[in-house]
Amino acid sequence: MARRFAVIGLGHFGSSLASALTARNAEVLAIDNSMERLDDVKEHVAHTIRLDSTEERALRGLGLQEMDGVVVAIGDDFEATLLTVSQLQKLGIHRIIVRATTPVHERILDHLGITEIIMPSVETAERLSNSLMMEGVVNSLALGSDYTIMEVNAPEWMLGTSLQELRIREKYAKKQRSRGEGF
């Protein structure tokens, strides 16, 4: 069964997210108060609806409680973001993901009990800085402050060789054990 998400706010980030989720076979309900923005994404998502997300009555009949998550991607109007989040909490939405544009916005959302706050510009800058500073890094994902998963280009000498033949664990575990580290 396809995962279902609502994306509220279809600026550049929201519309890109809605399209990316659809490309991954999710069923997306795209919500905005601008018909022009809805027209821009209607070919890429399952459903579009024009409404004011700050009004509880407007949100009530959308079945948002059955969604796997609701993403609030309103960028330019933080008051509208706060009012929308408040209405979603009032409706009992179990997973609310909110875009913050400044550290102050992030702190306020944290005080409201939002546990999934994203700051796309900061996260993108982190990934880009990793790829610029570490040769061969294609992409990275921070897992808290202590761990990062990185996608790297394999050195030429590894190409065409199986992991078993490379014996990476065998070669590098010895070095880490001698330094007192685990592998």
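The values are calculated or read from the model by the stated rules, or taken from the named source; none is laboratory data. All of these numbers come straight from a predicted model, not from anything done at the bench. Quick reminder, even Gly has a Cβ in these numbers, built from the backbone with ideal geometry, and neighbours come from all protein chains shown. Areas reflect the complete protein model, heavy atoms only, side chains present, ligands, DNA and RNA absent. Shrake-Rupley method; radii C 1.70, N 1.55, O 1.52, S 1.80 Å.
At a glance:
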item	result
Any chance residue 92 is assigned to a loop (DSSP other than H, G, I, E, B), free of Cβ contacts under 8 Å to residues at least 60 places away in the same chain, open to solvent by 20 Å² or more (accessible area, probe 1.4 Å) and touching a helix residue (DSSP H, G or I) at 6+ places or on another chain (Cβ under 7 Å)	yes
Flag if residue 37 is basic (Lys, Arg) and out of contact with any strand residue (DSSP E or B) (no Cβ under 9 Å at 6 or more places or on another chain)	no
Residue match in the range 136-157 (condition: in a helix (DSSP H, G or I) and either open to solvent by less than 70 Å² (accessible area, probe 1.4 Å) or under 21 Å from residue 54 (Cα atoms) (or both))	no
Residue list for the range 44-53, restricted to those being surrounded by fewer than 20 Cβ atoms within 10 Å (Cβ to Cβ) and touching an Asp or Glu at 6+ places or on another chain (Cβ under 9 Å)	46, 47, 49, 50, 51
Positions within the range 1-43 being within 19 Å of residue 55 (Cβ to Cβ) and either open to solvent by less than 50 Å² (accessible area, probe 1.4 Å) or among the β-branched types (Val, Ile, Thr) (or both), in sequence order	6, 7, 8, 9, 10, 14, 29, 30, 31, 32, 34, 38
